[in-house]
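Let me begin by presenting the structure, written as structure tokens, before commenting on it.
The values are calculated or read from the model by the stated rules, or taken from the named source; none is laboratory data. Remember, predicted model here, so these are calculated numbers, not experimental data. Methodologically, a virtual Cβ is constructed for each residue, glycine included, from the backbone with ideal geometry; neighbour enumeration extends over all protein chains shown. Heavy atoms of the whole protein, side chains included, go into the accessibility calculation; ligands, DNA and RNA do not. Shrake-Rupley method; radii C 1.70, N 1.55, O 1.52, S 1.80 Å.
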Amino acid sequence: MTSINQRAELQNQIWKIANDVRGSVDGWDFKQFVLGTLFYRFISENFTNYIEGGDASVNYPGLPDNVITPEIKDDAVKTKGYFIYPSQLFVNVAKNANKNPNLNTDLATIFTAIESSANGYPSEDDIKGLFADFDTTSSRLGNTVEHKNSRLAAVLKGVEGLKFGNFEDNQIDLFGDAYEFLISNYAANAGKSGGEFFTPQHVSKLIAQLAMHKQKTVNKIYDPAAGSGSLLLQAKKHFDNHIIEEGFFGQEINHTTYNLARMNMFLHNVNYDKFHIVLGNTLIDPQLRDEKPFDAIVSNPPYSVKWIGSDDPTLINDDRFAPAGVLAPKSKADFAFVLHALSYLSGKGRAALVCFPGIFYRGGAEQMIRKYLIDNNFVETVISLAPNLFYGTSIAVNILVLSKHKTDTKTQFIDASGEDFFKKETNNNVLTDAQIDRIMDLFDQKKEDAHIATSIDNSAIAENDYNLSVSSYVEAKDTREVIDIHALNKEIAATVSRIDVLRAEIDSIVAEINQD
């Protein structure tokens, strides 16, 4: 199952399940049950594949639990990060879902057991709480046990019917792609937090390529506002696994989204020892200091959120913010994320960050931070994108590319907001692969391209009050019609002469009529 049509069919099936079973439950909330069930099936089948090891004579789901020795369990947890007994597998639970009067409590027990299987092992932090948002006893599923079980069974049976292909044929990413499809559709339909919750794959692809550009290998890749992990996973999709040597790192403040990011890693076959996603406020409680520096950083941080800023006087001494000499405004934390990323960036790497346009021209503290970035030659490129690329917002955002290894003292500006740089679709604009390639070519070549790309000496930017708006340096193409005034005057003169002739003819006709 690799064709576009097959993938589209799969996505339609998943969306149908979500709509059929959610009933009166709000879709934005109910996504947790559909996504959680997808994840449950994935790890069950993935674990089964590991235990069976390609031996057709072994049928792990058909084995009794009591044949599992402590040695088998210990070895499996060390390798896979978790353990699932045969009776706990998705296939066995789904098979009898419609007849099980204890379905909701059985599922809760199974999820707790899977998470607990990692206790005391290196994978404990990566497994703990993965099913926390899949609350099988939630009143959102219904007011009675029967209602809860009925809806849970519908989800289980729906997911059971999805055809994902054989793991041996390397079709495992279909789980992840289907998962991201469902997240993106809920983000688009929710009308709330969509842009922050999920970065569309086409934008993620551009950001990943910018951060990884011409790096033969990177030590690791990091997202300080990881969301559902889509930006990190685009780097995995676009580049061979061996290029990202030590794995995928991120921090996320929202507990639900943090769980989604970890699930998403498993769903894309990133083993527990190749990712480290942590929960917490990146700006005031960064938890990955010991992992820096990173050769590649990608992020779509929340736009202009409030933060503690100057209300915490110790932050100005933080090694992330101290070099700029000023903190980002309390009402707009955008540059706090920028400075955090810069601090975590290695000397050979790049950071590509989605930014709200206002931070590039406003005064005050934001202007002082821009001065620090330009005077120290950290800004490689600013790219303006088309509007309506993100779910839940029509804002035309920018991408800021940071680098600590520039060989010149110029900053590049690319205007990719015109009609040549997006494709109009039903609800949102999208970037096609060809358009992404064109932006990447402009970024790579650093050549002048009239009305699209230019490079400006940092001294000229300083003279312009450190304004980093693309429109300040890339002259918009004049689409007005060019008129030849001399030709127009001749045309007008000829028209006037013709009018005079017509008037004379009309006067003559009127005179003849009057004589009659």
Number of positions in region 315-339 that are surrounded by fewer than 18 Cβ atoms within 10 Å (Cβ to Cβ) and in a helix (DSSP H, G or I): 4
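Does LYS192 fit the bill of being at pLDDT below 80 and either closer than 30 Å to SER117 by Cα or of a type outside the set (Gly, Ala, Ser) (or both)?
yes
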Region 112-146 - residue that is of a type in the set (A, V, I, L, M) and not in a loop (DSSP other than H, G, I, E, B) and, of those, nearest to the chain's Cα centre (by Cα): ILE127
If you go through region 70-87 one residue at a time, do you hit one that is surrounded by 13 or more Cβ atoms within 10 Å (Cβ to Cβ), touching an Asp or Glu at 6+ places or on another chain (Cβ under 9 Å) and among the small types (Gly, Ala, Ser)? yes
Qualifying residue in region 34-55 (condition: of a type outside the set (Val, Ile, Thr), over 19 Å from SER116 (Cα atoms), at pLDDT 95 or above and open to solvent by 10 Å² or more (accessible area, probe 1.4 Å)): no
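When region 41-78 is examined, which residues are found to be of a type in the set (S, T, N, Q) and either more than 26 Å from GLY158 (Cα to Cα) or in a helix (DSSP H, G or I) (or both)? If you could, list the steps in order and put the result at the bottom.
So in region 41-78, the residues of a type in the set (S, T, N, Q) come out as 44, 46, 48-49, 57, 59, 66, 69.
The answer is SER44, ASN46, THR48, ASN49, SER57, ASN66, THR69.
Within region 340-406, which strands (runs of 3 or more DSSP E) (wholly inside it) include 3 or more residues that are not hydrophobic (A, V, I, L, M, F, W, C)? Lay out the reasoning, then the answer.
Working: elements: 345-355, 379-385, 398-403.
Once the strands (runs of 3 or more DSSP E) in region 340-406 are filtered for at least 3 residues that are not hydrophobic (A, V, I, L, M, F, W, C), what remains is 345-355, 379-385.
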So the check is Cβ under 7 Å with 6+ separation or different chains; which pairs have a first residue in region 263-292 that's of a type in the set (Gly, Ala, Ser) and a second one that's open to solvent by 10 Å² or more (accessible area, probe 1.4 Å)? GLY280/ILE253; GLY280/GLN287
Residue satisfying all of: in region 235-255; open to solvent by less than 40 Å² (accessible area, probe 1.4 Å) and either in contact (Cβ under 8 Å) with a residue 40 or more places away in the chain or within 21 Å of PHE33 (Cβ to Cβ) (or both); nearest to the chain's Cα centre (by Cα) among these: ALA235
Can you say whether ASP312 is of a type in the set (Asp, Glu) and over 25 Å from VAL218 (Cβ atoms), as far as the supplied structure shows? yes
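Is it the case that ASN428 is within 30 Å of ARG362 (Cβ to Cβ), modelled with pLDDT under 80 and open to solvent by less than 70 Å² (accessible area, probe 1.4 Å)?
Details: within 30 Å of ARG362 (Cβ to Cβ): yes; modelled with pLDDT under 80: yes; open to solvent by less than 70 Å² (accessible area, probe 1.4 Å): yes.
So ASN428 passes the test.
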Has region 149-164 got at least one residue that is modelled with pLDDT under 75 and open to solvent by less than 60 Å² (accessible area, probe 1.4 Å)? yes
Starting from residues that are in contact with a Lys or Arg (Cβ under 7 Å, 6 or more places away or on another chain) and open to solvent by 20 Å² or more (accessible area, probe 1.4 Å), keep the ones in region 375-401 and report whichever is modelled with the lowest pLDDT. GLY392
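In the set PHE413, PHE443, which member is part of a strand (DSSP E or B) and closer than 30 Å to SER346 by Cβ?
Working: PHE443 fails: part of a strand (DSSP E or B).
Selected residue: PHE413, the only one of PHE413, PHE443 that is part of a strand (DSSP E or B) and closer than 30 Å to SER346 by Cβ.
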Run down VAL354, VAL401 and say which single residue is on the phi < 0 side of the Ramachandran plot and touching a Leu at 6+ places or on another chain (Cβ under 7 Å). VAL401
So GLN367 ticks every box in (1) within 25 Å of the chain's Cα centre (by Cα); (2) open to solvent by 40 Å² or more (accessible area, probe 1.4 Å) but one. Which box is left unticked? (1)
